[in-house]
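**Student:** Below you'll find the structure I mean.
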Amino acid sequence: MGVAACQEAAGETDKAVATYQQVLAQHSTSPEAHQARLALGLLHEQKSQGEQALRLYDEVLRAKPVSVWRMEAEMRREQLLRKDPKLAPGTTAAATTLVAPATNAPAKK
């Protein structure tokens, strides 16, 4: 984790992503994996890859037991969805269109 954080701080984003992915591959259920998912999610947000970030945050949210990392993922997820509402599950262009309610009133002549 320390190496990836240093790479990220040095602006070596692609190397940091690869290192965080190695952490996930080697320690998929450990607290370090949750930390790596959060860091990767933030990197994806910075690269305007909201769908990938949301997926990573959701993976942390599904983790058991509840941890500080899960609370962090929930906060980041909510911020991301506020910033980009179309990423919300089940959201489509049609679902976000406002439609005037229909009435049963007879047509005026």
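Throughout, read-outs are computed from the coordinates displayed, never taken from laboratory work. All of these numbers come straight from a predicted model, not from anything done at the bench. Counting neighbours? That spans all protein chains shown, and the Cβs are built from the backbone with ideal geometry, glycine included.
**Student:** Find the all-direction average of the projected area of the Cα convex hull for the range 2-87, expressing the result in square nanometres with one decimal place.
**Tutor:** Quarter of the Cα hull surface area: 5.2 nm².
**Student:** Could you work out the local net charge near Gln7, counting Lys and Arg as +1, Asp and Glu as -1, over the other residues with Cβ closer than 12 Å to its Cβ?
**Tutor:** -2
**Student:** Quick one: which of 72-81, 7-16, 54-63, 34-43 comes out on top by average Cβ neighbours within 10 Å, and what's the full order, highest first?
**Tutor:** Taking the mean over residues of other Cβ atoms within 10 Å, the ranking is 34-43, 54-63, 72-81, 7-16.
**Student:** Among His27, His44, what is the fewest-to-most ranking by other Cβ atoms within 10 Å?
**Tutor:** His27, His44
**Student:** Further, regarding this structure: Where the centre of each part is set by its Cα atoms, how far does the range 49-94 sit from the range 1-16, in angstrom?
**Tutor:** Result: 23 Å between the Cα centres.
**Student:** First select every other residue whose beta carbon is under 12 angstrom from the beta carbon of Leu24; then total the charges, Lys and Arg +1, Asp and Glu -1.
**Tutor:** -1
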